[in-house]
Structures are given as C-alpha cells and as structure tokens.
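Since every read-out is calculated from the coordinates, none of them should be taken as a lab result. Worth saying up front: this structure is predicted, and the values here are computed from it rather than measured. For neighbour counting, all protein chains shown are included, and Cβ atoms are generated from backbone atoms with ideal geometry for every residue, glycine included.
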Amino acid sequence: MSALCEPVEPDGRRLRARVEVEAYVASVCFKHGPPRLLGVELEWIVHHRDDPRRRLEPELLAAALGSHAPRTLRPDSPEQPLPAGSPLTVEPGGQVEISSLPAPAFDTVFTAVDTDHRYLSDLLARAGLELSRRGLDAHRTPRLVVDSPRYTAMERAFTPIGPHGITMMCASAGLQVCLDVGERGDVAARFAAVSSLGPVLVALFANSPDFAGSATGWAAARLRSVLAVDPARSRPVPVTDDPAAAWVRYVLEAPVICVRRPGANWDAPAGVTFADWVGGALPEPPTVDDLHYHMSTLFPPVRPHGYLEVRYLDAQDGTGWAVPAALLVALMADQRTVDAVVDACAPVADRWLAAARAGLADEPTALAARRVLDLGIPAVARLGLPPELDAVVAERLARLRDDTTTYGRLS
C-alpha cells in the first residue's frame, strides 16, 4: 500500500474490449509529471521473542496491535493509523507492514517511518513479539495466519506450481520504495533505470539466506521465491521504449487468480487470463474494480501503480532500510544520473537469479555495483539528509563499495 497517488474510487463500469483495458491501464499506471513525491513500505515477519519457532496466532497479533489492527485481522477494528500517520496492514502469514505517507524529501519519510517503526516494535514487545531482522522466515515453515477468500484462493492456485507461492505469501518480507513516474519524455529511462538496478541492489542488500531452520545457499532466497511463484505474474516487466505498453501486455496476459463474489470461494478457472475474461471467458465482463484487483495480484520486481513501486529489495535490519532506500532515491533524483545508471547496469540487467544466489560474489554484478556506488555515493550526499542520518548512510555505502572491490579480487 502506498499513498503516492489518490485512493482509487469504486468503479463498476464493465470492460468489454481489450482496447478499453489498454487505454485505462496506460493512463492510471503511468501518471506523468515532475517527480516530486516518494514513499516506502516496510514489511516484517513477526516472531515470538522467547521462541521464534512458535507459530503466530492471529488472535494474539490482533490483540497486540489493538486499535491499529486491520479489519482483515479484526473485523470491528477502527484501523487507526500509527502515530506518524502510516497505515498498518497485515500480510497473509502475519507479516506486519507500514506504508509511509508521500513526502517530497527523504528525511521527512525517514523521520515518520522511524517513529512508527519504534512505536510498532514497542507495541509488539508488550505481547512478547518482535520484528524479524531478515527478509525470509529463518525459523518456521509458511502457514496462512490471515484467513480471507483472497488468500485461500491464491494459496490453492499457487500450490500446483510449487512451494514458492506460499513461501512468498506467508514467510517473506520486503522493502518497497515508491517513486513518481516522471515527465512523459523521461518515463522509459526511469523505468529502465529502476528495473536494471534490480540485480545490483538485490546483491548489495541481500538479507534472506536462511529459511525454516536451514541455510538455502542463496544470498536473497526471498527473491528466488518471488520470481518462482508464477512467472506470468512475478517475472520482471520487459524494459522497452514503451513501458506502458509492456505493462498493459503483462496485465492482460497474466492469469486471473481470484474472482470476487459472495461467499468464501473466490477461485478463478485455471488458465483464464484477464484478456480471456474481457473476451467473454467468464459469465460477466470484468469491471474497472476487477481490473485494479487483478493488478494487485501481480508481483513483478517493479510494478507500475500510478508511480513506480520497486519491490525487489529484502527487508533490512532495524533502520538499515534507509540505506538502500536513500541510494535508490538519490540515483533517481537527476536525469543525468538516471541515464548513467542505465549504462552502468546494462551488462547485468537480466542477472536476477545470479545476483539472488551469489550476491556480490557474482563478479559481473559486483563490478556493476561498484559503478552504481560511484554514482550513488555523491548523489546521496546531494539529498541534504540530516547530518546523523547522512553519516550512517554514507558509512554503510562506503563499506559496500569496499566489498565490491574485495569480491572483484576474489572472483
């Protein structure tokens, strides 16, 4: 969830032709204008402090969150935002997520999110719970904690494909950074930059090596699970000169995973794409609301959403999220840097799995990461962060720059 754009009003208009979907998706998912706002979404796995292997029960989590619990967890909850204004949501496996309100400056986002993060940590601590420091549950096998027609339909659809769907849903936690699309003439380059940065930033900030009590052999096993969920809904959106058209194709060709209806069963017929639905495969044509809901079930590393939702980063330890988020914001703050990022990342733009498996031990990715940090370290200095935050971010980025050199020598 992010507040970079206005909430979508309910829209029950029926969509009866592919061209209607194409026009609508291109217009609402790529809102052009000067890039002004940014936001972040932070997700954490929740554990029992005394034994992280214990199962998390929804009743305990709901009680711990109190008036902030979402209605998916407690139907009569007032769903109060956290003190600095961040909405709180709970994911299928009981992961908690806070979404910043949009702001024009990174330090504003950091201050608000840090305030709400501390408050949430204290709230959970009173119930004997704590937030994990990793992007994948290192202690438990995945299990649904939030019971809803959406999540049960998704679980049933993913199960025949393999174990990664339930892992993504119930055992993973990510850091998302939300950025404005930008001016019409800059959109292709901005989309190419945030997409091509994926393998580099995955390697630099990999934080999910263990799962359910065992080492995975991957630096970022969370991303491996996401990409393997269902390639039609989790593979990267192709980088082209027309990202809006590429996203439209992605949306139309992805299978429908659930159809909202009265009752608890929202299962969709197997193999029916959204294009099929528009073409008459189901009894009633989809509505605009159905289209929005369908797009919410797509999980590419970068998801156009009226803004660019960067989804490929692992959750970080504590306030460590500020480092990759500030780096990404800084790299996208100036069009000349954006163009330089595209060039720097071009050799490794498709090395998603190699970067997720080996991290900076993947030599081509480490070399590209060094070039990115050479661009990013001075760019972060230009953000004008408060001195204390600036020092922390600069120190971590400098250490990472040294790591890329070390890995390059070892390779």
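Here the range 104-256 is treated with +1 on each Lys and Arg Cβ and -1 on each Asp and Glu Cβ, and its dipole about the Cα centre works out to around 520 debye. Ranking 158, 47, 398 by how far each Cα lies toward the positive end of the dipole of the chain (charges on Cβ) leaves 158 at the top.
In the range 68-165, a dipole from Cβ-located charges (positive for Lys and Arg, negative for Asp and Glu) runs towards its positive end, and of 108, 70, 119 it is 70 whose Cα lies farthest in that direction. An oblate overall shape is assigned to the range 58-185, the ratio a/c of its alpha-carbon gyration tensor axes (a ≥ b ≥ c) being 1.5 or greater and a/b not exceeding b/c. Between residue 312 and any residue 5 or more places off or on another chain, the built amide H atoms are never under 5 Å apart. Per residue, the average separation of C-alpha pairs within less than 8 Å and at least 6 apart gives the range 18-410 a relative contact order of 20 percent.
Dipole size of the chain about its Cα centre, with +1 on Lys/Arg Cβ and -1 on Asp/Glu Cβ: approximately 660 debye, rounded to the nearest 20. Count the DSSP beta bridges whose two residues both fall in the chain, then state the antiparallel fraction as a percent rounded to the nearest 5. Close to 95 percent.
Classify the range 14-58 as rounded, prolate or oblate from the Cα gyration tensor: take a ≥ b ≥ c as the square roots of its eigenvalues, call it rounded if a/c is under 1.5, otherwise prolate when a/b beats b/c and oblate if not. It is oblate, given that a/c is not under 1.5 and a/b is not larger than b/c. Shape class for the range 91-151, computed from the alpha carbon gyration tensor (a ≥ b ≥ c): prolate, with a/c not under 1.5 and a/b above b/c.
Projecting the Cα atoms of 128, 277, 25 onto the charge dipole of the chain (Cβ charges, centred on the Cα centre) puts 277 farthest toward the positive pole.
Charging the Cβ of each Asp and Glu at -1 and of each Lys and Arg at +1, and nothing else, the dipole of the range 266-411 about its Cα centre rounds to 600 debye.
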